[in-house]
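Structure record follows, encoded as structure tokens.
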Amino acid sequence: MRSGLFLLTFIFAVIADQLIAQNQTKKKYYASECDTTGIFIDGKLNDPAWLKANWQDDFIQYQPSEGKAPGQKTDFAILLDENFIYVGFKAWDTNPDSIVQRLSRRDEMDGDFLVVQFDSYFDKRTAFSFMVNAAGIKNDFMISNDGETEDNTWDPIWLVKTSRDQSGWYAEMRIPLTQLRFEGNGEQTWGLQVARMLFRKQEKSIWQPATKKNSGWVSQYGELKGLKNLKSRKIADITPYVVARTDQYEKEADNPFKQSGKKSQLTGGIDGKLGITNNLTLDFTINPDFGQVETDPSEVNLTSYETFFQEKRPFFIEGKNILSFPLMFGDGDLAADNLFYSRRIGRRPHYSPEIASNEYVDKPDFTKILGAAKITGKTKEGWSVGLLESLTGEEFAHISNGTQRSEMIEPFTNYTIGRVQKDLDKGNTMIGGMATSVNRNLAEDQLNYLHKAAYTGGFDFIHKWHNKDWEFDLSTYFSRVQGSAEAITNTQKSWIHAFQRPDATHLKFDTTRTSLSGQGGKVVLAKYGGKLKFLAATAWKSPGLELNDVGYMRQADNILEVIWVGYRIFEPFSIFRNMNLNFNQWTEWNFAGESTGPGGNINAHTQFKNYWYFHLGGNINGQALSTTELRGGPAIKLPGSKNIWLAIASNEQKKLTTETEFMAMRGNIENSKRMVSFSVGLGYRPSKSLKITVTPGYTDNEDELQYVTQQDFNNKTDYVFARIHQKTFSASLRVNYNITPDLSIQYWGQPFLSSGKYTEFKKITNGRADNYTDRFLHFTGNELAYNESTEQYLISDQAGNNLYSFDQPDFNVKEFLSNMVVRWEYRPGSTIYLVWSQNRNRSVANGNFNLADDMKNLFENKPYNVFLLKASFRLGR
């Protein structure tokens with residue numbers, strides 16, 4: 001049936017989508033040389049050099065109506081000298097009072113804007129984008145994979161000014177050649193695209209005609225000529241910084257680590273960016289500090305999967321695309337799996353020492369990064385290169401009960417990540433590889449449960465054809481971890497592997513092993529061009545695959561098959577500006593050939609002509625066979641579920657905006673599970689420089705089969721489950737106040753409340769039983785008793801003999817996180833940050849939820865405050 005569906009999809013795609021690639025005529029723009037002494041960057045374009053420039057105005061619409069005349073006229077011109085490229089824009093407007101001029105932080109574009117993009121490699125895959133809005137706010141990013149990925153963390157040093165009058169608004173850019181990557185020679189050609197966004201009509205017009213029906217973007221650029229005698233310019237930036245930090249917290253008279261109620265420190269470090277060649281750049285950081293980075297949102301994770309957190313640290317997110325080796329496909333939960341997960345570097349220490357009731361402990365929240373360096377770039381032969389090296393130091397927990405002792409909780413560790421890709425056939429074919437290594441110096445016995453060494457590697461191949469509409473993607477990868485027998489035993493027993501499962505006939509649990517290897521891969525055939533799109537793919541991860549020393553992987557022992565069909569309507573019709581329709585089907589197996597979970601999804605997304613958005617979708621998940629739910633125990637069949645979700649967002653051009661999301665889910669078996677979740681976002685912009693957003697959300701979840709504990713007794717194991725009723729409330733408040741394009745104040749605060757009440761305790765008796773109620777047995781009568789003094793449940797047999805006990809699992813978690821950051825870029829590349837962070841948390845062992853009382857109790861708790869001043873000064877050219 002799956003083969004027939006795949007064949008039918010393939011034939012339908014070929015027959016129904018008769019859009020043959022149109023070879024757009026490539027426009028050519030000839031830049032003019034100029035005398036640098038005659039250009040003053042003020043956004044007015046009244047210097048003599050601009051009067052002689054080659055101005056062009058032949059723009060066409062890209063959205064909403066592809067190929068039609070734009071609503072307003074736009075002119076642009078490009079000049080160059082031996083050090084800079086200058087770009088001038090004249091954004092004419094017959095209704096100048098309607099120009100939307102909004103201040104925001106860098107890389108958060110809002111309102112009318114203009115953009116120029118250079119494919120300076122001229123590889124038709126990579127581009128450097130420079131954007132400015134009518135208020136003078138910069139947005140710059142690097143484009144790779146022919147538009148598939150955009151790296152907003154790329155922050156070059158460049159200058160732009162804007163101005164405005166009764167005829168429209170204007171922008172003047174000066175871009176140093178050191179910020180671009182190209183090969184210096186006598187005369188060369190770059191790819192070029194220029195665009196304008198008319199915000200009030202959500203209309204994007206472009207200079208070089210392009211079509212959304214083609215999957216590529218950079219490959220559709222026009223050409224920039226007249227680039228004569230350009231010489232390579234190697235970047236050389238050194239940015240030392242100093243950080244003053246004070247922590248304030250509640251005093252504890254008996255705790256020697258908190259008796260004063262505060263601690264202060266003064267540190268410093270160096271960031272640098274050096275050009276090895278004009279195409280390859282070395283970035284390095286010594287003793288880095290990321291105190292200005294926003295903290296992760298709160299959560300309560302009751303699943304057997306590790307939570308994936310986005311990277312926010314500037315050093316690791318800039319240029320991250322070149323160091324990425326995705327294991328899966330799509331943009332959902334699967335997209336997180338990768339050979340490199342940078343959050344592993346500087347992670348929370350692995351080990352947590354055991355302490356007595358009369359002892360106090362002081363330990364760091366994160367591992368100190370001693371230094372890191374990376375080389376990224378692309379050679380003229382088409383090799384994309386990424387190499388990262390990082391060292392993290394030893395960390396200790398200091399323990400005191402009158403006398404003080406220390407225990408190592410994290411070893412000295414070296415991380416190495418290398419990535420290469422080669423373009424062939426004008427970017428239609430790519431081959432590449434990646435390798436990673438983690439090596440730890442396990443100097444103390446308590447850390448022997450960690451891997452001493454971990455290695456991964458992979459190979460990928462991508463081929464595109466028919467004007468890049470079609471794509472074939474093949475990748476394979478491997479892993480090998482080494483360590484003590486204890487370390488490898490722990491790896492085999494971890495939830496994502498579960499070699500010890502008694503019903504896993506295809507797995508061999510070996511407590512004497514000192515290494516473990518595995519492999520995985522994926523095969524994808526997809527059509528991304530045209531209105532009708534589809535993808536057919538399979539991916540696999542062997543039981544021994546282990547990537548989580550420096551990568552991210554949710555689960556091993558998995559085979560996945562996916563079919564996706566999508567249809568796009570690009571042009572306005574009826575009441576719609578555009579529409580996306582999608583159908584997904586998937587099935588999973590383990591390496592024993594057992595089906596572990598079928599499912600399907602249908603979703604639709606549209607924007608109306610009044611600029612509102614609407615999204616609607618639904619999932620059907622069949623019965624699953626979970627090999628992780630019992631945390632190393634036998635597999636259990638879990639009932640499937642159905643859900644529906646929708647989201648509505650208002651016109652973002654208005655001062656007051658709203659966004660509402662709703663989701664409802666029910667199990668396929670009555671009373672097995674249910675969930676209702678909704679959130680409402682309200683945004684208000686009282687002025688062009690101030691934006692306030694508040695997003696409260698509430699989730700009510702009930703599940704009859706929630707894992708509680710497992711207890712060994714009389715040579716057998718009981719897997720204890722219960723019905724959980726969990727309620728969660730959170731609210732995110734953001735305030736962005738931009739005084740100037742270079743001076744901003746940003747505040748984020750989030751109260752988080754979550755409670756879980758456990759009832760109907762039961763033990764798993766036959767997880768594979770066909771009848772749902774035969775899979776477990778409720779504790780009844782004298783089998784279950786609660787001891788209020790110890791807050792424990794006691795389990796007895798029918799004769800009244802005590803078998804085991806476990807802690808009462810109810811919880812009520814309250815947390816408040818906030819960050820306020822004042823950022824001032826007082827000169828290009830030099831910044832001062834003033835940061836105030838606050839953390840309040842409190843938890844009790846009950847499952848009661850009362851919004852008013854919980855919020856009151858949260859703010860009665862003493863906060864932990866951090867005040868930080870960070871100043872950097874850029875030295876370079």
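Here are a few things to note about the model shown:
- In the condition set (1) in a loop (DSSP other than H, G, I, E, B); (2) open to solvent by 50 Å² or more (accessible area, probe 1.4 Å); (3) closer than 30 Å to Leu868 by Cα, Ser232 is compliant with all but (3).
- Some residue of the stretch 839-846 being open to solvent by 60 Å² or more (accessible area, probe 1.4 Å), over 31 Å from the mean Cα position of the chain (by Cα) and of a type in the set (Val, Ile, Thr): no
- Flag if Ala435 is open to solvent by less than 40 Å² (accessible area, probe 1.4 Å), among the aliphatic types (A, V, I, L, M) and within 27 Å of the chain's Cα centre (by Cα): no
- Among the residues listed as Lys468, Lys522, the single one being on the phi > 0 side of the Ramachandran plot and under 28 Å from the mean Cα position of the chain (by Cα): Lys468
- Across the stretch 495-524, the number of residues qualifying as assigned to a strand (DSSP E or B) and open to solvent by less than 40 Å² (accessible area, probe 1.4 Å) comes to 7.
- Hey, Gly544 open to solvent by less than 20 Å² (accessible area, probe 1.4 Å), under 25 Å from the mean Cα position of the chain (by Cα) and within 25 Å of Ala336 (Cβ to Cβ) or not: no
- Any pair with Cβ under 6 angstrom, 6 or more apart, that starts in the stretch 777-792 at a residue that is without any contact (Cβ under 8 Å) to a residue 24 or more places away in the chain and within 12 Å of Phe806 (Cα to Cα) and ends at one that is open to solvent by less than 50 Å² (accessible area, probe 1.4 Å) and polar (S, T, N, Q): Gln792/Ser805
- Annotation note: Cβ proximity below 7 Å between a residue of the stretch 587-604 that is more than 16 Å from Val565 (Cα to Cα) and a residue that is open to solvent by 30 Å² or more (accessible area, probe 1.4 Å) and of a type in the set (Asp, Glu) (sequence gap 6+ or interchain) occurs for Thr596/Glu588; Gly597/Glu588.
- So Arg874, is it open to solvent by less than 80 Å² (accessible area, probe 1.4 Å) and in contact (Cβ under 8 Å) with a residue 40 or more places away in the chain: yes
- Only one of Phe40, Phe89 that is open to solvent by less than 20 Å² (accessible area, probe 1.4 Å), at pLDDT 90 or above and of a type in the set (A, V, I, L, M, F, W, C): Phe89
- Of all residues in the stretch 408-432 being touching an Asp or Glu at 6+ places or on another chain (Cβ under 9 Å) and open to solvent by 40 Å² or more (accessible area, probe 1.4 Å), the one that is farthest from Gly216 (Cα to Cα): Phe412
- Sub-7 Å Cβ pairs linking a first residue in the stretch 241-259 that is under 18 Å from Gly269 (Cβ atoms) and charged (D, E, K, R) to a second residue that is in a strand (DSSP E or B) and open to solvent by less than 40 Å² (accessible area, probe 1.4 Å), at least 6 apart or interchain, are Arg245/Val866; Arg245/Leu868, ordered by first then second residue.
- Flag: Asn603 matches the condition of being crowded, with 16+ Cβ neighbours inside 10 Å, closer than 30 Å to Ser574 by Cβ, polar (S, T, N, Q) and under 26 Å from the mean Cα position of the chain (by Cα).
- Any hit, the stretch 248-262, residues being of a type in the set (S, T, N, Q) and not in a loop (DSSP other than H, G, I, E, B): yes
- Screening the candidates Thr94, Thr74 for the property of being open to solvent by 40 Å² or more (accessible area, probe 1.4 Å) and either hydroxyl-bearing (Ser, Thr, Tyr) or touching a helix residue (DSSP H, G or I) at 6+ places or on another chain (Cβ under 6 Å) (or both) yields one hit, Thr94.
- Residue in the stretch 564-572 that is charged (D, E, K, R) and open to solvent by 50 Å² or more (accessible area, probe 1.4 Å) present: yes
- Subset of the stretch 760-778 (residues that are among the acidic types (Asp, Glu) and touching a Lys or Arg at 6+ places or on another chain (Cβ under 7 Å)): Glu760
Conditions tested, residue by residue: (1) surrounded by 14 or more Cβ atoms within 10 Å (Cβ to Cβ); (2) in contact with a strand residue (DSSP E or B) (Cβ under 7 Å, 6 or more places away or on another chain); (3) at pLDDT below 85.
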residue	(1), (2), (3)
Tyr305	no, no, yes
Phe308	yes, yes, yes
Glu311	yes, no, no
Ser324	yes, yes, no
Met328	yes, yes, no
Leu339	yes, yes, no
Arg348	yes, no, no
Tyr351	yes, yes, no
Glu354	no, no, no
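- Qualifying residue in the stretch 738-756 (condition: crowded, with 16+ Cβ neighbours inside 10 Å, touching a His at 6+ places or on another chain (Cβ under 9 Å) and at pLDDT 95 or above): yes
- Summed over the stretch 273-297, residues that are in contact with a Ser or Thr (Cβ under 7 Å, 6 or more places away or on another chain) and small (Gly, Ala, Ser) total 1.
- Filter pass, Asp445 being of a type in the set (Asp, Glu), more than 30 Å from Ala485 (Cα to Cα) and open to solvent by 50 Å² or more (accessible area, probe 1.4 Å): no
- Single residue of Gly261, Gly275 found to be at pLDDT below 90 and among the small types (Gly, Ala, Ser): Gly275
- Entry remark, the stretch 51-60: residues being crowded, with 19+ Cβ neighbours inside 10 Å and modelled with pLDDT of 95 or more number 1 in total.
- Residue match in the stretch 580-595 (condition: within 23 Å of the chain's Cα centre (by Cα) and crowded, with 19+ Cβ neighbours inside 10 Å): yes
- Every test in (1) buried (at least 19 other Cβ atoms within 10 Å of the Cβ); (2) farther than 30 Å from Trp383 by Cα; (3) β-branched (Val, Ile, Thr); (4) under 35 Å from the mean Cα position of the chain (by Cα) is passed by Val116 save one, and that test is (2).
- Listed by position, the strands (runs of 3 or more DSSP E) inside the stretch 372-484 whose residues that are over 30 Å from Phe284 (Cβ atoms), in contact with a strand residue (DSSP E or B) (Cβ under 9 Å, 6 or more places away or on another chain) and of a type in the set (Phe, Trp, Tyr) number at least 2 are 453-465, 470-482.
- Test for Ser65: is it within 21 Å of Trp158 (Cα to Cα), polar (S, T, N, Q), open to solvent by less than 50 Å² (accessible area, probe 1.4 Å) and in a loop (DSSP other than H, G, I, E, B): no
The values are calculated or read from the model by the stated rules, or taken from the named source; none is laboratory data. Predicted, not measured: the structure shown is a model, and the values here were computed from it. Counting neighbours? That spans all protein chains shown, and the Cβs are built from the backbone with ideal geometry, glycine included. For accessibility, only protein heavy atoms count, side chains too; no ligands or nucleic acids. Shrake-Rupley method; radii C 1.70, N 1.55, O 1.52, S 1.80 Å.
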